[in-house]
Amino acid sequence: MLVENKAARIARERRAYNITVLGLCETRWTQSGQVRLNTGEIILYSGHEEEDAHHTEGVALMLSHEAQNALINWEAAGPRIIFASFKTKKENIKLNIIQCYAPTNDKDEDTKEDFYNKLQTLCEKLKEKDMTILMGDLNAKIGSHNSGRTRAAKATAQEEYTEANRAVKNSVKTDKANFIEDLPKEAEDASAQGNMNQLYEITRKLAGKYKRTDRPIKDKNGNVLTSDEDQLKRWREHFEELLNRPPPQNPPDITPAEEVLQINCERPSKAEIEKTIHHMKRGKSSGPDKIPAEAIKADIGTSTEILHDLFGKIWKQEEIPTEWKEGYLVKLPKKGDMQDCKNYR
């Protein structure tokens, strides 16, 4: 990859074959780091630690946009091993990818021992529940092995596979077309019945929308943060600066009201609580307490009694529970670099 435009040619082949994470060997790059190409791919690379070292060996991972969004962290382990961890659609299960470049048999024993020790140490740190892929150039030699099949038998097997593959693809295409054709009819039925939740769900399916995973963000110095812990610290720092603003030096002069408004400050009655519960809308997201409106409305009488006692204690003690002061912060992207926290509202 030291040759000019070699990385660009590799990126073009990656896009042609639609490879999400492409492992590279013998990059001949020294030290470790990451490089963003003009086409959007990111290359995570690992080589000899010395800056003036010989341009030999070296491994790397080329990540597509999808892989960049799912990246959790990565680790350089010398010129022969690089490791990266990614989010998956399964909650609490990660995808670990180890790209390696094994030494050949004619290398000295220390080099081979160091490589396999590092690889063993890295594998032992990974959790068994996660999915791990070990790939790369293992420099293995294989002997001659004759399966006994003739060329005619191999050709027949290939034809059978091609035919079966074509039949499966046609079946999937037909089922998908039938599924899409049924969605508008289901949307019409949901609209006629006033079922807005189902209508919105069908609309999202037709529009092809999907939930985007969190992408890496940058710290104040412009360095990309890949680990969840570092990103959470950066978001906390950003929102503390954004929301905890000092009071204005020249507060506005507000004219006092001409008359005192009559506001009922008595303890909330059961009738008021029950009326409020009836007006709660279903299908809304719950707060940090994880109690949806459906649970409260399941037995309005019991909920009214419980809330009446709770509100009475709060009204008497004049102290708001700590849980009521908690909530969710949802970041919404605006324009510009999505790795910059300032480009979110």
**Fill in**
Of (1) closer than 24 Å to Asn195 by Cα; (2) among the β-branched types (Val, Ile, Thr); (3) at pLDDT below 90, Ile263 satisfies every one except (1)
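Looking only at the stretch 103-120, count every residue that is surrounded by fewer than 11 Cβ atoms within 10 Å (Cβ to Cβ) and either on the phi > 0 side of the Ramachandran plot or part of a helix (DSSP H, G or I) (or both) and tell me the total.
Here is the first cut: in the stretch 103-120, the residues surrounded by fewer than 11 Cβ atoms within 10 Å (Cβ to Cβ) are 105-106, 108-110, 117, 120.
Retained after the next criterion (residues that are either on the phi > 0 side of the Ramachandran plot or part of a helix (DSSP H, G or I) (or both)): 109-110, 117, 120.
Total meeting the criteria: 4.
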**Fill in**
Checking Glu181, Glu160, Glu128, Glu201 in turn, the sole residue that is assigned to a helix (DSSP H, G or I) and either hydrophobic (A, V, I, L, M, F, W, C) or modelled with pLDDT of 85 or more (or both) turns out to be Glu160
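Among residues belonging to the stretch 40-81 that are polar (S, T, N, Q) and in a helix (DSSP H, G or I), point out the one that is farthest from Tyr17 (Cα to Cα). Before you say what the answer is, go through the steps one by one.
Filtering the stretch 40-81 for residues polar (S, T, N, Q) gives 46, 56, 64, 68-69, 73.
Applying the additional criterion that residues be in a helix (DSSP H, G or I) yields 68-69.
Details: Gln68: 18, Asn69: 20 Å.
So, considering only residues that are polar (S, T, N, Q) and in a helix (DSSP H, G or I), the one farthest from Tyr17 (Cα to Cα) is Asn69.
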**Request:** For the stretch 11-27, enumerate the residues that are buried (at least 18 other Cβ atoms within 10 Å of the Cβ) and part of a loop (DSSP other than H, G, I, E, B).
**Result:** Thr27
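Filter the stretch 28-39 for residues that are assigned to a strand (DSSP E or B) and hydrophobic (A, V, I, L, M, F, W, C) and give the result.
We begin by selecting, within the stretch 28-39, every residue assigned to a strand (DSSP E or B); these are 32-36.
Within the stretch 28-39, just Val35 meets the criteria.
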**Asked** Ser285 passes all but one of (1) surrounded by 10 or more Cβ atoms within 10 Å (Cβ to Cβ); (2) polar (S, T, N, Q); (3) touching a Pro at 6+ places or on another chain (Cβ under 9 Å); which number fails?
**Response** (1)
**Request:** Return the pairs, sorted by first residue and then second, in which the second residue is assigned to a helix (DSSP H, G or I), the first residue lies in the stretch 62-73 and is small (Gly, Ala, Ser), the beta carbons are less than 9 Å apart, and the residues are 6+ apart or on different chains.
**Result:** Ser64/Arg14; Ser64/Arg15
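Is it true that some residue in the stretch 277-289 is within 30 Å of Ile43 (Cα to Cα) and of a type outside the set (A, V, I, L, M, F, W, C)? Walk me through it before giving the result.
Looking only at the stretch 277-289, we keep the residues that are within 30 Å of Ile43 (Cα to Cα), and these are none.
No, every residue in the stretch 277-289 fails to be within 30 Å of Ile43 (Cα to Cα) and of a type outside the set (A, V, I, L, M, F, W, C).
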**Prompt:** Within the stretch 279-321, restricting attention to residues that are out of contact with any Asp or Glu (no Cβ under 9 Å at 6 or more places or on another chain), part of a helix (DSSP H, G or I) and polar (S, T, N, Q), which residue is farthest from Arg267 (Cα to Cα)?
**Reply:** Thr302
**Asked** Among the residues of the stretch 244-282, how many are β-branched (Val, Ile, Thr) and surrounded by fewer than 10 Cβ atoms within 10 Å (Cβ to Cβ)?
**Response** 4
**Asked** All but one of (1) of a type in the set (Ser, Thr, Tyr); (2) over 30 Å from Gly312 (Cβ atoms); (3) in the same structural domain as Ala298 (by TED's automatic domain parsing) hold for Ser285; which doesn't?
**Response** (2)
**Asked** When you look at Cys123, is it within 27 Å of the chain's Cα centre (by Cα), of a type in the set (A, V, I, L, M, F, W, C) and surrounded by 18 or more Cβ atoms within 10 Å (Cβ to Cβ), yes or no?
**Response** no
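The values are calculated or read from the model by the stated rules, or taken from the named source; none is laboratory data. Predicted, not measured: the structure shown is a model, and the values here were computed from it. Using ideal geometry, Cβ is built from the backbone for each residue, glycine included, and neighbour counts are taken over all protein chains shown.
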